[in-house]
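The values are calculated or read from the model by the stated rules, or taken from the named source; none is laboratory data. Source: prediction; values computed, not measured. Cβ: placed from backbone, ideal geometry, glycine included. Neighbour counts: every protein chain shown.
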Amino acid sequence: MIRSVLDPPLEMVCLDLAGTTVADGGLVDRAFSAALDTLGVPAGSGRRHEMDDVVRRTMGRSKAEVFAQLFADEGDAARANAAFESAFDALVAAGEIRPLPGAEEAMTAATARGMKVVVTTGFIYEGAQ
């Protein structure tokens with residue numbers, strides 16, 4: 001979109017985390033796969049293909065919401081979410097996330113121009129209530 005000189009200046013930039021500011025090398029997909037493995041959904045099964053499709057279509061949404069959609073049983077959904085978080089944390093700790101080229105510079109340039117930079121994600125912040 002081309003902005004006109006008559007447009008008011010931007011005050012805020014809102015960016016997604018995975019795939020926009022950082023490259024995860026398929027980390028999210030692998031963590032979802034680990035969670036489905038933990039719940040005993042066989043890889044290659046029809047049910048697994050359906051679940052994988054839901055996961056792809058809901059990227060960016062809360063992972064807890066996605067698991068609630070995948071599993072009718074609340075306990076199964078909670079176990080899947082915990083397995084996802086555990087797998088995700090292990091992959092992050094292994095150093096699998098890298099900043100995308102130019103992301104840090106773009107955010108720094110935006111703040112230097114007085115803009116607020118907001119990063120959004122479908123991941124749960126452990127301090128959230």
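Among the numbered criteria (1) assigned to a helix (DSSP H, G or I); (2) at pLDDT 90 or above, which single criterion is violated by Phe88?
(2)
Got a number for residues in the stretch 93-120 being surrounded by 14 or more Cβ atoms within 10 Å (Cβ to Cβ) and under 25 Å from Leu70 (Cβ atoms)?
2
I want to confirm something. Restricting to the stretch 28-74 and keeping residues that are β-branched (Val, Ile, Thr) and part of a helix (DSSP H, G or I), which single residue is surrounded by the fewest Cβ atoms within 10 Å (Cβ to Cβ)? Let's see the steps before the verdict.
Filtering the stretch 28-74 down to residues β-branched (Val, Ile, Thr) leaves 28, 38, 41, 54-55, 58, 66.
Cutting the leftovers down to part of a helix (DSSP H, G or I) gives us 28, 38, 54-55, 66.
Numbers: Val28: 20, Thr38: 15, Val54: 13, Val55: 22, Val66: 24.
Taking the candidates together, the pick is Val54.
Given (1) at pLDDT 95 or above; (2) outside any helix (DSSP H, G or I), identify the lone condition not met by Ala77.
Condition not satisfied by Ala77: (2).
Show the residue pairs meeting these rules: Cβ distance below 7 Å; 6+ apart or different chains; first residue within the stretch 108-129 and modelled with pLDDT under 90; second residue surrounded by 11 or more Cβ atoms within 10 Å (Cβ to Cβ) and among the basic types (Lys, Arg).
As it stands, the answer is Gly122/Arg61; Gly122/Lys63; Phe123/Lys63; Ile124/Lys63, since those pairs meet every condition given.
Quick check on my filter: what residues within the stretch 97-121 are under 20 Å from the mean Cα position of the chain (by Cα), β-branched (Val, Ile, Thr) and not in a strand (DSSP E or B)?
Ile97, Thr121, listed by residue number.
Consider only pairs whose beta carbons are under 6 Å apart and that are at least six residues apart or on different chains; among these, list those whose first residue lies in the stretch 20-46 and is of a type in the set (Ser, Thr, Tyr) and whose second residue is crowded, with 19+ Cβ neighbours inside 10 Å.
Within 6 Å, the pairs are Thr38/Ala83.
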